[in-house]
Amino acid sequence: MLKIKTADGTGLYYEEAGSGTPVVFVHEYAGDYRTWEPQMRYFSRLHRCVTYSQRGYPPSDVPSDPARYGQDILRSDVIALMDALGIDRAHVVGHSMGAYTALHVGIKNPQRCISVTAAGCGWGSLPDPAARENMRKVAADTARMFTEKGMAEAAAIYGDQPMRHAHKHKDPRGYAEFAQMLAEHSAQGHALTMTMVQARRPTFWDMQADLKKYAVPLLIIAGDEDDPCLEGSVFLKRVVPSAALLVVPRSGHNINSEEPAAFNAALSDLFAAAEAGRWLAHKPPR
């Protein structure tokens, strides 16, 4: 089993395929290293592709200490993975929780990024203090659900939210695969990740000063049925100077597996333009 060790000794399971310019995929809260299979198979034809399970997600380690979870810790895990695999720079592709982490890699470690993709990103990132407080309550309730109900029952509830219904009804076979993988996760890992990462990470509005200085080529992707992420995605497009926004019609939160052809095509354009130094070619020179 392929694992690297992070600075605090946590083992992260990873898989890689292909050769060429590296791509690192960072999964969502309800995903794991397998989430990216449609991208691993497609992009490994021309790229060195790496997918991994974040801490708290088997077969990676599941620390029991809450202090070993946090947004900056997840960011440092990406860098630890790249360091261990000898990757100097990569396209960093994140989905949902992983997209927040990818954004933070672009802020704190821009020299390690050829490009960043933030897909299905924005849940809980709200400017209104009352809405933020409600988000924290939802996060606390969700963590409690995983702790009290156990993984199988909690996964069935969590995975059947409205933002995933487009996938469920459009592609029942693909959705069933997603639901089965989610049910195989760790209840403890989900509870600690929700409590220490999701509920505590800064919102886009908190990050606004850094986002205005963002220089890494950034592609934002959202499904138009992914209501909790639409406002945040538009906010990123308006604030980040290097951002482009793709909204995929009739699609929900599981965008990379729900619409892999559209998702892969968008990433292909991003990778080619960023590697050629032409991502902002549509804008007049400063």
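The values are calculated or read from the model by the stated rules, or taken from the named source; none is laboratory data. Worth saying up front: this structure is predicted, and the values here are computed from it rather than measured. When we count neighbours, we look across all protein chains shown, and the Cβ atoms used for this are built from the backbone with ideal geometry, even at glycine.
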- Query: Here is a list of conditions, (1) under 22 Å from Leu12 (Cα atoms); (2) touching a helix residue (DSSP H, G or I) at 6+ places or on another chain (Cβ under 9 Å); (3) assigned to a helix (DSSP H, G or I); (4) of a type outside the set (D, E, K, R), and His91 meets all of them except one; can you say which number that is?
  - Reply: (3)
- Task: Scan region 197-232 for residues that are among the β-branched types (Val, Ile, Thr), in a loop (DSSP other than H, G, I, E, B) and at pLDDT 95 or above and report the count.
- Result: 1
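Residues are listed down the side, and each one gets a yes or a no for (1) in contact with a helix residue (DSSP H, G or I) (Cβ under 9 Å, 6 or more places away or on another chain); (2) charged (D, E, K, R):
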residue: Ser44; (1), (2): no, no
residue: Thr51; (1), (2): yes, no
residue: Arg68; (1), (2): yes, yes
residue: Asp77; (1), (2): yes, yes
residue: Leu81; (1), (2): no, no
residue: Leu85; (1), (2): no, no
residue: Ser96; (1), (2): yes, no
- Message: Given (1) surrounded by 22 or more Cβ atoms within 10 Å (Cβ to Cβ); (2) part of a loop (DSSP other than H, G, I, E, B), identify the lone condition not met by Thr35.
- Response: (2)
- Residue pairs within 6 Å by beta carbon, gap of at least six or interchain, first lying in region 136-153 and in contact (Cβ under 8 Å) with a residue 60 or more places away in the chain and buried (at least 16 other Cβ atoms within 10 Å of the Cβ), second of a type in the set (A, V, I, L, M, F, W, C) and outside any helix (DSSP H, G or I), listed first then second, are Ala139/Ala199
- Query: Which residues, taken from region 175-204, are of a type outside the set (D, E, K, R) and closer than 11 Å to Gly124 by Cβ?
  - Reply: Met194, Val197, Gln198, Ala199, Pro202, Thr203, Phe204
- Query: If we keep just the residues of region 178-187 that are part of a helix (DSSP H, G or I) and touching a residue at least 12 places away in the same chain (Cβ under 8 Å), which is surrounded by the fewest Cβ atoms within 10 Å (Cβ to Cβ)?
  - Reply: Ala183
- Could you list all residues from region 80-114 that are crowded, with 22+ Cβ neighbours inside 10 Å, farther than 20 Å from Glu37 by Cα and touching a residue at least 40 places away in the same chain (Cβ under 8 Å)? Tyr100, Leu103, Gly106, Cys113
- Message: Residues that are within 25 Å of Met40 (Cα to Cα) and in contact (Cβ under 8 Å) with a residue 40 or more places away in the chain: does region 202-217 have at least one?
- Response: yes
- Cross-chain or 6+ apart pairs with Cβ under 9 Å, region 238-262 first and in a helix (DSSP H, G or I), then surrounded by 24 or more Cβ atoms within 10 Å (Cβ to Cβ) and among the polar types (S, T, N, Q): Asn256/Thr35; Ser257/Thr35
- Out of Glu16, Glu28, sole residue that is touching a residue at least 60 places away in the same chain (Cβ under 8 Å), assigned to a strand (DSSP E or B), crowded, with 17+ Cβ neighbours inside 10 Å and not β-branched (Val, Ile, Thr): Glu16
- Message: Scan region 155-168 and tell me whether some residue there is at pLDDT 95 or above, crowded, with 22+ Cβ neighbours inside 10 Å, over 30 Å from Leu280 (Cβ atoms) and of a type in the set (A, V, I, L, M).
- Response: yes
- Of the numbered conditions (1) crowded, with 20+ Cβ neighbours inside 10 Å; (2) in a helix (DSSP H, G or I); (3) among the polar types (S, T, N, Q), Thr117 satisfies every one except a single condition; which is it? (2)
